[in-house]
1. Report in % the part of the accessible area of region 40-84 that belongs to carbon and sulfur, leaving out ligands and nucleic acids; probe 1.4 Å.
2. Pairs of Cα atoms under 8 Å, at least six residues apart: use those to get the relative contact order of the chain, whole percent.
3. May I ask for the angle, rounded to the nearest 10°, between helix 70-80 and the longest principal axis of the chain, with both axes built from Cα atoms and the value confined to 0 to 90°?
4. With θ taken as phi - 60° and the coefficients 6.51, -1.76 and 1.60, list the Karplus ³J(HN,Hα) couplings across region 14-19 in order, rounded to whole Hz; mark glycine and proline as x.
5. Take peptides 14-26, 37-49 and line them up by average Cβ neighbours within 10 Å, highest first, as a rough protection proxy.
6. Here are several values of mean projected area of the Cα convex hull in nm²: (i) 5.1; (ii) 6.4; (iii) 5.5. Which one was derived from the coordinates shown?
7. Return the whole-Å distance between the Cα centroid of region 53-75 and the Cα centroid of region 12-27.
Amino acid sequence: MTTRVSILLPAYCAEVTLAAALRSIERQTETRWECIVVDDGSSDGTAAVARGFAERDPRFVVLRLPHGGLVGALNSGLEACGAP
């Protein structure tokens, strides 16, 4: 399957809202997507939520970084995106 869409989702201490966002992505009608979740050094359960989705669906990819802010998280995630 060729990835058609890359979704880049930076997250920082988003444990409470991340699952709803990832469920929304799962429900998309386009199936040829990947979602790069960049955990920007969260101190809560953000990484665990993201890993749970990645374990069930390989289209979710989790990158864990030390906290560096939104721009750094987006730049790191962009490098991991595979869609044109």
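The values are calculated or read from the model by the stated rules, or taken from the named source; none is laboratory data. In this text the structure is predicted, and so the values were computed from the model without any measurement. Cβ coordinates were reconstructed from backbone atoms using ideal geometry, including for glycine residues, and neighbour counts include every protein chain displayed. Heavy atoms of the whole protein, side chains included, go into the accessibility calculation; ligands, DNA and RNA do not. Shrake-Rupley method; radii C 1.70, N 1.55, O 1.52, S 1.80 Å.
1. Numbers: 1540 of 2660 Å².
C and S fraction of accessible area: 58 percent.
2. Result for the chain is 39 percent.
3. 40
4. Each residue's phi maps through the Karplus curve to give 10, 3, 6, 10, 5, 4 Hz.
5. On the way: 14-26: 15.3, 37-49: 19.7.
Result, highest mean Cβ count within 10 Å first: 37-49, 14-26.
6. (i)
7. Centre-to-centre (Cα) distance: 12 Å.
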